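Input: a single structure, listed below in structure tokens.
Values quoted throughout were computed directly from the atomic coordinates according to the rules given, and no laboratory measurement underlies them. All values reported here derive from a predicted model rather than from experimental measurement. For neighbour counting, all protein chains shown are included, and Cβ atoms are generated from backbone atoms with ideal geometry for every residue, glycine included.
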Amino acid sequence: MEFVSPEGLRLDGRRPMEMRQLRAELGAVSRADGSAIFEMGNTKVIAAVYGPREVQHRGQQLNDKALIRCEYTMANFSTGDRMRRPKGDRRSTEISLVIRQTMEACIMTHLMPHSQIDIFVQVLQADGGTRSACINAATLALADAGIPMCDLVTSCSAGYLNTTPLLDLNYVEDSAGGPDVTVGILPKLDKVTLLQMDAKLPMDIFENVMQLATEGCKAVANYIREVLMENTKQLENRRGV
Amino acid sequence: MKDAGEETVTPGQVLGKGSEVKAGRGAYLSCDTVYASLTGCRSLLPPSPQSPDQRPTVEVIGHKAHGPVPEPGCVVIARVTKVMARMASADIMCVGSKSVREKFSGIIRQQDVRATEIDKVDMHSSFRPGDIVKASVISLGDARAYYLSTAQNELGVVSAESMAGGTMVPISWTEMQCPLTGQIEQRKVAKVRA
């Protein structure tokens with residue numbers, strides 16, 4: 001199957017180095033302390049953050065830092081066929097753990113001992129790159145909740161099909177069986193917090209693909225910063241500052 | 001109106017060099033550079049004239065206001081939930097004049113109810129479950145609750161319901177009367193200034 005045409009166009013008409021359209025909205029869940037909806041093309045994810053609040057299970061309380069909990073779920077209607085997903089299935093547990101570790105690296109947990117921060121992420125529409133969209137949505141929701149972070153975490157995926165590195169794979173390209181590299185970085189501090197790959201890649205091609213994904217992350221970071229600035233200006237206007 | 005010098009920053013943005021500015025609220029220092037940790041307005045505070053360190057402090061004011069937290073020495077308003085032989089539990093609802101976002105637990109011990117004859121205090125004649133009391137926070141207490149004290153004239157029960165259901169009227173610093181039945185009940189009453 002041909003994923004990159006001879007003219008250099010992918011199945012959805014993008015160029016290999018082009019990301020899908022990004023869209024973000026803050027404050028979608030009014031009851032939560034912070035929330036965000038993040039869309040990468042057709043993948044749509046909603047994240048809600050509660051905290052810092054009192055720890056619900058006394059035994060899990062940490063004396064010197066905040067406890068971060070994360071839950072990833074996919075809505076029944078998120079994929080092509082409506083399927084009832086069990087809550088604790090292996091893929092969900094793994095992605096929950098990945099998101100928690102990624103966010104824990106950037107939240108300044110030492111400022112909030114004896115407390116708990118809950119991050120709930122739900123996929124509303126899945127079209128590849130759900131892991132990355134979830135991390136980006138969680139970053140926005142944490143920034144909306146006013147939780148101190150050392151930097152924004154952004155994530156993007158890249159793959160390698162038909163001997164071409166491709167940025168931001170959609171579902172069809174992801175299920176083609178080629179390698180899928182997901183990178184999460186702290187853009188201003190230039191540090192990597194998440195690096196995952198399935199399938200195998202030779203080392204030099206891997207470096208190209210990872211570099212491409214990192215550039216995609218920086219582009220997402222610029223967009224997220226614009227959204228946060230715009231949202232803050234709107235809030236200030238409403239308050240009459 | 002917004003100051004021309006203030007700008008909006010996002011987490012991770014550079015606010016200044018560690019040798020020139022000090023990191024205040026919403027900012028942190030890493031490898032000699034001060035970065036923002038919140039989204040909000042950046043503002044520069046001048047240093048206090050007495051301090052040896054003459055660097056200005058940069059801070060970021062976020063737009064999300066977190067609820068007030070009880071501090072030792074502040075006056076709080078709490079609702080009594082449990083009364084036991086040697087202490088009473090209360091839920092702190094207001095700190096000063098602001099209501100809290102999430103309720104905090106407080107304990108009034110027998111020795112902190114009043115200032116005189118503290119070993120002869122009967123908890124059931126001082127508080128009943130459901131009473132609204134004004135207390136001051138003595139300390140952060142243990143992991144479960146703050147320690148509160150009503151050992152001053154202005155502290156104690158502010159509002160209480162009688163067994164008949166009516167809001168009682170204070171008569172003295174130990175008694176309140178129900179307006180519906182005329183029954184007198186014992187409480188440690190607060191002297192509210194008229």
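A few points about this structure:
- Inter-label distance, nm, simple model (7 Å from Cα along the C-beta direction), A:Ser175/A:Arg239: 4.7 nm
- Estimated distance in nm for a label pair at B:Thr81 and A:Ala28, the labels positioned 7 Å out from Cα along Cα-to-Cβ: 3.5 nm
- Lysine pair number, Cα distance threshold 26 Å (strictly under), segment A:22-239, separation 8 or more or different chains: 12
- Of A:Ala48, A:Gly159, A:Ile99, farthest towards positive along the dipole that unit charges on Lys, Arg, Asp, Glu beta carbons give segment A:22-239: A:Ala48
- Calculated FRET efficiency for the pair A:His110/B:Asp53, C-beta based, R₀ 22 Å, to 0.05: 0.45
- Converting phi to 3J(HN,Hα) with the Karplus coefficients 6.51, -1.76 and 1.60 and the offset θ = phi - 60°, segment A:180-196 yields 10, 9, 10, 10, x, 10, 9, x, 6, 8, 6, 10, 9, 10, 9, 8, 10 Hz in sequence order, with x at every glycine or proline.
- Gain on full stretching of the segment that runs from A:Glu230 to A:Thr163 - 0.36 nm per residue minus C-alpha separation: 20.1 nm
- Ranking A:Gln211, A:Asn237, A:Tyr171 by how far each Cα lies toward the positive end of the dipole of segment A:22-239 (charges on Cβ) leaves A:Asn237 at the top.
- Set of segment B:124-139 residues, backbone N closer than 19 Å to the point 7 Å along the Cα-Cβ line of B:Ala194: none
- Pairwise centroid distance, computed over Cα atoms, of segment A:37-114 with segment B:160-182, Å: 51 Å
- Residues B:Ser162, A:Ser175, arranged from fewest to most other Cβ atoms within 10 angstrom of their Cβ, appear as A:Ser175, B:Ser162.
- For segment A:1-31 versus segment B:89-107, the spacing of their alpha-carbon centroids is 49 Å.
- Computing FRET efficiency as 1/(1 + (r/R0)^6) for A:Glu215 and A:Gln21, where r is the C-beta to C-beta distance and R0 is 22 Å, gives about 0.85.
- Footprinting exposure proxy for B:Cys74, B:Cys94 (fewest neighbouring C-beta atoms within 10 Å first): B:Cys74, B:Cys94
- Förster radius 45 Å - calculated FRET efficiency between B:Val169 and B:Arg25 (Cβ-Cβ, nearest 0.05): 0.45
- Total charge dipole magnitude, the protein assembly as shown, about the Cα centre, Cβ charges on Lys, Arg, Asp, Glu only, Debye to nearest 20: 1380 debye
- Simple Cβ-charge dipole of segment A:22-239, Lys/Arg +1 and Asp/Glu -1, about Cα centre, in debye nearest 20: 720 debye
- Farthest toward the positive end of the dipole of chain A, out of A:Pro202, A:Leu26, A:Thr79, is the Cα of A:Leu26, where the dipole comes from beta carbon charges about the Cα centre.
- Close amide H pairs (under 5 Å, H built 1.01 Å from N) link B:Tyr146 with B:Ser105, B:Gly106, B:Ile107, residues at least 5 positions away or on another chain.
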